[in-house]
Every structure is written in C-alpha cells, then in structure tokens.
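The values are calculated or read from the model by the stated rules, or taken from the named source; none is laboratory data. The structure presented is a predicted model; accordingly, all values stated were derived computationally and were not measured. Backbone-built Cβ (ideal geometry, glycine too); neighbour counts: all protein chains shown. The protein model used for the area step is the full one, side chains on, heavy atoms only, and it has no ligands, DNA or RNA in it. Shrake-Rupley method; radii C 1.70, N 1.55, O 1.52, S 1.80 Å.
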Amino acid sequence: MIPLLELKNVSKNYASLKSFRHYTDPSQDVLKNINFSIHSGESIGLIGESGCGKTTLAKIVAGLEKPTAGQVLYSGTDIQKFNFTTMQRVRKDVQIIFQSSKSIFNPYHTIGKSLRHALENFEDLSEHEMKNKIAAMLERVGLDASFADRYPEKLSGGQRQRANIARALIVSPKLIICDEPVASLDFSIRKKTLDMLNELIREMSLTCLFISHDISTVHYTCKKIAVMYRGVIVELFSLEEGNSLKPEHPYSRMLLNSVPICHPRQRTERRPIPPSCFGKEEFKGNGCVFYDLCDCKQPRCADTTPELNELGKAHYLACHRYSL
C-alpha cells in the first residue's frame with residue numbers, strides 16, 4: 001500500500017555566506033536524512049526540544065519550504081514534480097494547525113471572513129452554501145455560529161485556537177499537520193481541546209502529523225512516535241493499544257523523565273538532569289548528535305554516525321549500543 005506521505009533522505013541546509021560559493025556547511029544542517037512514512041488514517045507524533053527542526057519539517061511536508069536534498073512523496077509522487085494545478089490540490093489536502101492562533105488571523109477581519117478566504121481558495125460555493133458551511137464547522141469545533149461575526153481579539157485563547165482548527169479543517173483536507181496546537185493554551189483547557197481534535201480526526205478520517213515538545217501530549221494523541229534531536233530522527237516506535245511508553249534512546253528517556261509527575265506522593269525521587277545539558281557545544285556534523293549529553297556514550301560515538309536500525313517490531317533506533 002502506497003503511503004499518503006513519505007519522506008526519503010530529506011535534508012535542509014539554510015544558506016550561509018559560504019553557500020553562495022557552492023559550499024554547504026554540515027553544522028548548518030537543520031534536518032539530516034529524515035526518513036519516515038504516514039499511511040492514510042494514521043497519526044504519527046514528532047517530538048523534540050525547541051529548535052530541533054520540527055517546524056521546518058512541517059513546512060517542507062506542506063510544500064512551504066523546499067528540501068535541500070531528498071524527496072517528499074505525496075501518494076507516491078514527488079511534490080517537486082507537481083505543476084501549479086496539482087500543487088493547489090495538494091495544498092488543499094495538506095493543512096497546518098499553527099501554534100500561535102493570534103498571528104494566524106487578520107485582526108481587521110472577522111473569523112467568518114477568514115474562514116471564507118480559506119474556502120474561496122479551493123471551492124466554488126454560493127453565498128448561502130458558504131455561510132452554512134462556516135456555521136457548521138464552527139459548531140463542530142465547539143463554537144457557536146455567531147462567532148463568525150466576531151473579531152479575533154474578542155476571543156479567548158482557547159476559542160481562537162478552536163477557530164484556528166476550524167480554518168484548517170473547513171476545506172476537508174486529507175492530512176493535517178498539528179504544530180504544537182495546545183502549547184499556547186492553559187493546562188485547564190488543553191485536554192478539552194485535544195479531545196475535540198481527536199474526535200474530529202476520527203470523524204473526518206484524517207491522517208495526522210502531530211508536532212510537540214511534550215511526549216505525554218503526543219502519547220495521548222498518536223499511536224506512532226518519532227523522536228527528533230538536532231534535526232535527526234533518533235528513535236521511531238509504535239504504541240499498541242494499552243502499551244506504555246518505553247523508549248530506549250537516552251534522549252527519548254530524558255524527554256520522558258522531564259514530564260512532571262502530577263501526584264505529589266508519586267514523586268519518590270528526584271530525577272537528575274545531566275550536568276552536560278548546560279554546556280553543550282555546537283554540533284560539528286560528525287558522530288552521534290547526542291554524544292555531548294549521553295551518559296552511555298562509546299568511543300565510536302564521537303566520529304561515527306549511528307544509523308536508524310530496526311530494534312524490534314515497528315521499533316527503530318539510532319544508537320551504537322544496539323547496533324551489530
């Protein structure tokens with residue numbers, strides 16, 4: 001079965017002054033040889049700390065950025081080979097829910113007008129059909145139809161994010177990219193927003209790439225998780241129904257340990273942060289990207305880059321400790 005989306009050896013290197021002389025500096029690589037696929041109806045979570053390249057990857061998947069190397073295949077075809085008409089269809093099928101809902105909407109346009117612009121780009125509807133579709137979409141995300149006449153500044157953060165979700169889903173996409181959709185929300189309303197988003201994904205049979213720095217949030221939403229550090233996928237594993245998170249890579253375990261424990265009585269011991277976290281040097285392009293922080297490093301980790309190899313069923317790991 002052909003995946004809906006597949007990335008093959010995708011790399012992104014932003015140009016420095018030397019790059020204009022046909023030179024690329026490995027230390028400037030934002031993404032390095034990214035490989036994974038998403039089948040129709042599947043939800044995959046991409047986690048990693050801020051600045052590791054998650055949003056850059058989202059823009060490449062959506063066609064907003066071009067990779068320096070590699071291929072982005074949509075239904076088996078490289079999107080770089082699409083003409084303008086075909087690319088317009090892909091832009092309709094692939095939508096992004098951005099983190100900052102405040103910067104998404106034009107402050108001089110009502111929510112209804114912003115949703116109308118999204119529809120006008122891809123569909124030819126009458127005025128009556130347009131209003132009905134906008135009202136129905138707002139109600140599906142938990143907002144009253146009257147919100148179409150309100151301006152973004154009159155909405156709370158949670159209401160504006162729901163309108164942001166409505167903007168992405170109103171064109172009936174096949175794949176949605178959720179770029180930290182609840183990071184800017186209060187903890188009190190995060191779960192409600194995630195529940196609503198999960199329900200819409202099931203109802204509309206959507207494929208989802210969920211980006212977050214919070215491993216617990218991704219675990220709540222997705223059944224497959226990719227862990228990224230410094231532009232490299234260091235671990236990729238699936239979660240069967242009822243299974244708990246059991247990552248093997250040292251960085252994945254560090255992310256899991258950083259999640260606060262809710263109940264005070266369960267905080268039996270302090271989970272230390274490695275001292276090297278506060279003094280990591282710039283990665284020079286050789287060896288393992290996690291070498292400076294890893295407490296399990298080996299001599300070859302300093303100059304040999306580990307490959308993403310299969311550790312078990314649907315579990316892939318880039319670590320020399322598990323390589324043959």
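Restricting E203, E180, E199 to those that are of a type in the set (D, E, K, R) and open to solvent by less than 60 Å² (accessible area, probe 1.4 Å) reduces the list to E180. Going through (1) crowded, with 21+ Cβ neighbours inside 10 Å; (2) out of contact with any Ser or Thr (no Cβ under 8 Å at 6 or more places or on another chain); (3) of a type in the set (A, V, I, L, M) one by one, L175 falls short only on (2). Looking at region 218-240, I want the residues that are over 16 Å from S11 (Cβ atoms) and have a partner that is surrounded by fewer than 23 Cβ atoms within 10 Å (Cβ to Cβ) and among the polar types (S, T, N, Q) with Cβ atoms under 8 Å, at least 6 apart or on another chain. Which pairs are those? Between residues of region 218-240 that are over 16 Å from S11 (Cβ atoms) and residues that are surrounded by fewer than 23 Cβ atoms within 10 Å (Cβ to Cβ) and among the polar types (S, T, N, Q), the close pairs are T221/S43; T221/N198; C222/S43; K223/S43; K223/S238; K224/S43; K224/S238; I225/S238.
Only one residue in I44, I60 is touching a Cys at 6+ places or on another chain (Cβ under 7 Å), open to solvent by less than 20 Å² (accessible area, probe 1.4 Å), of a type in the set (A, V, I, L, M, F, W, C) and in contact (Cβ under 8 Å) with a residue 12 or more places away in the chain, so which one is that? Spell out how you get there, then give the answer.
Details: I60 fails: touching a Cys at 6+ places or on another chain (Cβ under 7 Å).
Unique residue meeting the criteria: I44.
Of all residues in region 183-196, those that are assigned to a helix (DSSP H, G or I) and either in contact with an Asp or Glu (Cβ under 7 Å, 6 or more places away or on another chain) or loosely packed, with under 15 Cβ neighbours inside 10 Å (or both) total 5.
Residue count for region 208-220, restricted to those that are surrounded by 22 or more Cβ atoms within 10 Å (Cβ to Cβ) and in contact with a Gly (Cβ under 7 Å, 6 or more places away or on another chain): 3. Can you pull out every residue in region 169-182 that is outside any loop (DSSP other than H, G, I, E, B) and over 15 Å from the mean Cα position of the chain (by Cα)? Matches in region 169-182: L169 only.
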